[in-house]
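As structure tokens, the structure follows; a few thoughts come after it.
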Amino acid sequence: MKIGMLTSGGDCQSLNASMRGVAKTLYNNLKDVEIIGFHEGYKGLMYGDYHTMKSKDFSGILTEGGTIIGTSRQPFKLMRTPDENGMDKVEAMKKTYKKLGLECLVVLGGNGTHKTANLLSKEGLNVVSLPKTIDNDIWGTDITFGFQSAVNIATNAIDCIHTTAASHGRVFIVEVMGHKVGWLTLHAGVAGGADIILLPEIPYDIDVVVKGIQKRTEEGKKFSILAVAEGAISKKDAALSKKKLKEKRAKSPYPSISYELGAQIEEKTGQEIRVTIPGHTQRGGSPCPYDRVLSTRFGSAAAQLILKKEYGNMVGMQNGEIVKVPLEEVAGKLKMVDPESSFIEEIKALGISFGV
């Protein structure tokens, strides 16, 4: 059996651990299996850039971050657009798949990656996927691998800010990754003891944010920490059309929402504001133990789908159990934080503000 494997989109912790889970399960259950690793994601599948992987390639990578076969971003909206040489990307990927005589293509990636995985599945390729992203925003699974490792790093950043914020009596904004959703900011904000948490799903009122900071000052608390999602948005901006919002952001002098927010708070309160952005550190380093276990389970489950020939599915977790989710149900959907959930209500009850 010949199996293709690729990692696509942004990297994160546990990609290697997940591939290891797939490979070890296949090697353990098949006498004759060959795994082809495509370099730099779908790009390798398009241009036939790959190598045959050996059993030893999957040894010692459980704790290694990044991806041993490389990755790249290949926007789904451009998949049907010919490359600079006029090549049909989808047909090229199908040609490589068939030329190599693959039984199945194993894809590890996030939302855009799953759109393309579903496209290839509909084009007749056997595909099995695994949910990768620190954003935890893939539909059909309660959790993605990479998320908990990123939560740990973002939480540590907030922890470290506490001492300097307390020493100087300042307001600190810690900007957390997450693209269009707030799962990472929500979990890290709660775990790190942030006083205010701003999420894309809950547009904030700058006056409410300022009142929250002033209330802490009146209570004798000299510092405040805000965990702000990179996709956080004010109520004022949320009311704009997509076109107007894009124009506003293009003209903004601020590199990110946190700097704009910081300038507004400083103007309204007179307090010193500092912005900290952990950035890509949240995607780097060794996977935490939770992710190592989760990825190993996901990898094993993906291999079992291959052995059973149950293609066209993503491996996910629901209510603590590993499940298979049809790719067509996953593609094009985002799993957002529900503003009305019990989780949000519980955090509000603690006195943590969401800026509303």
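The values are calculated or read from the model by the stated rules, or taken from the named source; none is laboratory data. All of these numbers come straight from a predicted model, not from anything done at the bench. Note that we place each Cβ from the backbone using ideal geometry, even for glycine, and neighbour counts take in every protein chain shown. Ligands, DNA and RNA are stripped out before the accessible areas are found, and what is left, the full protein with its side chains, is counted by its heavy atoms. Shrake-Rupley method; radii C 1.70, N 1.55, O 1.52, S 1.80 Å.
Miscellaneous remarks
- Once C-alpha pairs closer than 8 Å and six or more residues apart are averaged by separation and normalised to the residue number of the stretch 1-106, the relative contact order reads 40 percent.
- The charge dipole of the stretch 84-202, taken about the Cα centre with unit charges on the Cβ atoms of Lys, Arg (+1) and Asp, Glu (-1), comes to about 460 debye, rounded to the nearest 20.
- Its relative contact order, with pairs defined as Cα atoms under 8 Å and 6+ residues apart, puts the stretch 63-159 at 18 percent.
- Share, in percent, of DSSP beta bridges within the chain that are antiparallel, nearest 5: 25
- Taking the C-alpha atoms only, the angle from helix 242-251 to the longest principal axis of the chain is near 70 degrees.
- When the charge dipole of the stretch 215-275 is built from unit charges on Cβ atoms (+1 for Lys and Arg, -1 for Asp and Glu) and taken about the Cα centre, the candidate among 255, 273, 224 whose Cα reaches farthest toward its positive end is 255.
- Annotation: amide H of residue 204 within the under-5 Å range of 233, 234, 235, sequence separation 5 or more or interchain, hydrogens built in the peptide plane.
- Largest-first principal axis extents, alpha carbons of the stretch 90-137, Å: 35, 16, 14
- Mean separation of Cα contacts under 8 Å, 6 or more apart, over the residue count of the chain: relative contact order %: 24
- Pairs of Cα atoms farther than 39 Å apart, the chain, %: 22
- Working note: Karplus 6.51/-1.76/1.60 with θ = phi - 60° gives the stretch 345-355 the couplings 4, 5, 6, 4, 4, 6, x, 6, 8, 9, x Hz, where Gly and Pro are set to x.
- Restricted to Cα atoms, the stretch 208-356 shows a radius of gyration and a Dmax of 21.2, 64 angstrom.
- Simple Cβ-charge dipole of the chain, Lys/Arg +1 and Asp/Glu -1, about Cα centre, in debye nearest 20: 760
- Alpha-carbon Rg/Rh ratio, for the stretch 22-111, with Rh computed the Kirkwood way: 0.99
- Neighbours of residue 203 by Cβ distance under 9 Å: Lys/Arg scored +1, Asp/Glu scored -1, total -1.
- Student exercise, the stretch 234-356 dipole from Lys, Arg, Asp, Glu Cβ charges, in Debye to nearest 20: 560
- Between the Cα long axis of helix 206-218 and the first principal axis of the chain there is an angle of about 60°, rounded to the nearest 10.
- Net charge contributed by nearby residues that have their C-beta within less than 9 Å of residue 48 (K/R +1, D/E -1): +1
- In plain terms, the bigger the Kirkwood radius, the slower the diffusion; for the stretch 286-352, with that radius from Cα pairs, at 37 °C and 0.692 mPa s, Stokes-Einstein puts D at 225 µm²/s.
- Surface composition of the chain: carbon plus sulfur atoms hold 50% of the accessible area, using a 1.4 angstrom probe and ignoring ligands, DNA and RNA.
- The fraction of all Cα pairs in the stretch 46-98 landing in successive 5 Å bins from 0 to the largest distance is 4, 14, 20, 20, 15, 12, 10, 5, 0, given as whole percents.
- Looking at the chain, the accessible area is 45 square angstrom per residue; that uses a 1.4 Å probe and ignores ligands, DNA and RNA.
- Percent of C-alpha pairs per 10 Å bin in the stretch 137-265, short distances first: 12, 41, 33, 13, 1.
- Farthest toward the positive end of the dipole of the stretch 1-99, out of 92, 26, 8, is the Cα of 26, where the dipole comes from beta carbon charges about the Cα centre.
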